[in-house]
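**Student:** Let me give you the structure first, and then I'll get to my questions.
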Amino acid sequence: MANVSHDSLLRAFEKRWDFLSVRTLIKNGLKDAGLKEQKDYTEDDVGKILAALNRMGERGVEVVSTALFGSDAPPAAPAEAPKPAEEKKEEKKEEKKEEKKEDKKEEKKEDKKKDDKKEEKEEKEEKKGKK
């Protein structure tokens, strides 16, 4: 398995995109793939970067793959189908419900603490009154 230098990766991307776009794409691809900028990348790392860009909806990553690996280019993983808007809405609703539940739990804890302190204070005052 051959390693690909960062400079080679930049040059391959520049066959398709301009100077600034290349740097942004690589930065975003690395981040989404869970990688950090390195001097050299494995073919697997490059595949992860290209797959991440595919998932982001970026077109033209096959140009990079061909420029780096020729006709024996490892295929970039296919882009995952975007989630339908309905699924996204449902996920957001679920997240909001969870947040509300957490908020209510916190409020109950705070109310209980206040009640406990109030009871302690009343007990102390009651003891003082008996003396």
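**Student:** I need the full set of residues from the stretch 15-35 which are touching a residue at least 12 places away in the same chain (Cβ under 8 Å), of a type in the set (G, A, S), over 14 Å from L68 (Cβ atoms) and in a helix (DSSP H, G or I), in order please.
**Tutor:** Selection gives A33 alone.
**Student:** Pick from G70, G47: which is closer than 17 Å to S5 by Cβ, among the small types (G, A, S) and at pLDDT 85 or above?
**Tutor:** G47 is the lone residue from the list that is closer than 17 Å to S5 by Cβ, among the small types (G, A, S) and at pLDDT 85 or above.
**Student:** Then there is this: Could you say whether any residue in the stretch 2-22 is modelled with pLDDT under 85 and either surrounded by 11 or more Cβ atoms within 10 Å (Cβ to Cβ) or over 23 Å from the mean Cα position of the chain (by Cα) (or both)?
**Tutor:** yes
**Student:** A further question on this structure: Given the conditions (1) open to solvent by 40 Å² or more (accessible area, probe 1.4 Å); (2) in contact with a helix residue (DSSP H, G or I) (Cβ under 6 Å, 6 or more places away or on another chain), which single one is not true for A33?
**Tutor:** It fails just one condition, (1).
**Student:** Of all the residues that make up the stretch 36-64, how many are in a loop (DSSP other than H, G, I, E, B), acidic (D, E) and either touching a strand residue (DSSP E or B) at 6+ places or on another chain (Cβ under 7 Å) or open to solvent by less than 50 Å² (accessible area, probe 1.4 Å) (or both)?
**Tutor:** Kept after step one, since they are in a loop (DSSP other than H, G, I, E, B), are these residues of the stretch 36-64: 36-39, 42, 56-60.
Cutting the leftovers down to acidic (D, E) gives us 37, 58.
From what's left, either touching a strand residue (DSSP E or B) at 6+ places or on another chain (Cβ under 7 Å) or open to solvent by less than 50 Å² (accessible area, probe 1.4 Å) (or both): none.
Going through the stretch 36-64 one residue at a time, the tally reaches 0.
The values are calculated or read from the model by the stated rules, or taken from the named source; none is laboratory data. All of these numbers come straight from a predicted model, not from anything done at the bench. Cβ coordinates were reconstructed from backbone atoms using ideal geometry, including for glycine residues, and neighbour counts include every protein chain displayed. What goes into the accessible areas is simple: the full protein's heavy atoms, side chains included, and nothing from ligands, DNA or RNA. Shrake-Rupley method; radii C 1.70, N 1.55, O 1.52, S 1.80 Å.
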